[in-house]
Amino acid sequence: MNSKLLPIYLTIILLLQIEPVLSQGNAVNTEERLQRLEIQLDRQQAINKELQTEISRLNLQVTECTSMKDQKRENSPYAVAFSTQLTTTLTGLGQHAAVIFDKVILDTTSSYNTGDGVFVVPRTGIYVFTWTVSVREEWWETTELVVNGTPYAYSLVDAGVKGDRGTGTQTVVLRVKEADHVLIRTGFIGDGNIEGNTYDTFSGWILFPYE
Ligand SMILES: [Ca+2]
């Protein structure tokens, strides 16, 4: 063998030996990368699972919060509203006689008394009050809304003859104080009869509370 060619042979042999090592190296790199990706994927999946758990927990909190808010609104002393109904017919009422609406439809603060027809204001504020009085043929009646005995609004209803009916509704917005007594009573004039019979109501609700 030509001694000058020897290094070339050696180089070729060396390269032939290195080549599979390099290929093996690439395969090892790919394997490592895959393993790293798998690890990253596992971590990501774990994070996703945690986030899903967190979202579920937050959703539950939102639901609880909404439910508590609704409950708070219902239990709030600011949420004052009542509605009552006269189920019977009243006759022979004198002047300034209480019109007692005997059935409570709604009373969020249990402030209306079916014994005397008085709504005791549970919280100072601006309130809306409205009431309806009906009469049968040939009847007529005046009513008024009084606060602590002072009238603030009036209603007059008058029916004609032969099967006529009359109904009147009045609405008033007033500032009233806690413990004030609000009542519907008959006025100075009228024949003292009110149809009732579920047609007549007395309602009120707070518009703006005051501290
Ligand atoms: Ca009349």
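Overview of results
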{"item": "Any hit, segment 68-81, residues being modelled with pLDDT of 95 or more and of a type in the set (A, V, I, L, M)", "result": "yes"}
{"item": "Filter result for THR124 (under 19 Å from TYR78 (Cα atoms) and surrounded by fewer than 19 Cβ atoms within 10 Å (Cβ to Cβ))", "result": "yes"}
{"item": "Check on ALA159, assigned by TED's automatic domain parsing to the domain that holds THR186, away from the ligand (no atom under 16 Å from the Cβ) and among the small types (Gly, Ala, Ser)", "result": "no"}
{"item": "Segment 184-211: number of residues that are within 29 Å of the chain's Cα centre (by Cα), more than 16 Å from THR167 (Cβ to Cβ) and not acidic (Asp, Glu)", "result": "7"}
{"item": "Those residues of segment 101-146 which are farther than 19 Å from ARG175 by Cβ, small (Gly, Ala, Ser) and part of a loop (DSSP other than H, G, I, E, B), in sequence order", "result": "SER110, GLY115, GLY117"}
{"item": "Members of segment 131-156 that are exposed (fewer than 14 other Cβ atoms within 10 Å of the Cβ) and within 13 Å of the ligand (Cβ to nearest atom)", "result": "GLU137"}
{"item": "Residues of segment 79-99 classified as farther than 17 Å from ARG136 by Cα, assigned to a loop (DSSP other than H, G, I, E, B) and out of contact with any Phe, Trp or Tyr (no Cβ under 7 Å at 6 or more places or on another chain), total", "result": "4"}
{"item": "Residue satisfying condition, being more than 15 Å from GLY187 (Cα to Cα) and among the hydroxyl-bearing types (Ser, Thr, Tyr), within set THR130, THR142", "result": "THR130"}
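The values are calculated or read from the model by the stated rules, or taken from the named source; none is laboratory data. Since the structure is predicted, the reported quantities are computational estimates derived from the model, not experimental observations. Backbone-built Cβ (ideal geometry, glycine too); neighbour counts: all protein chains shown.
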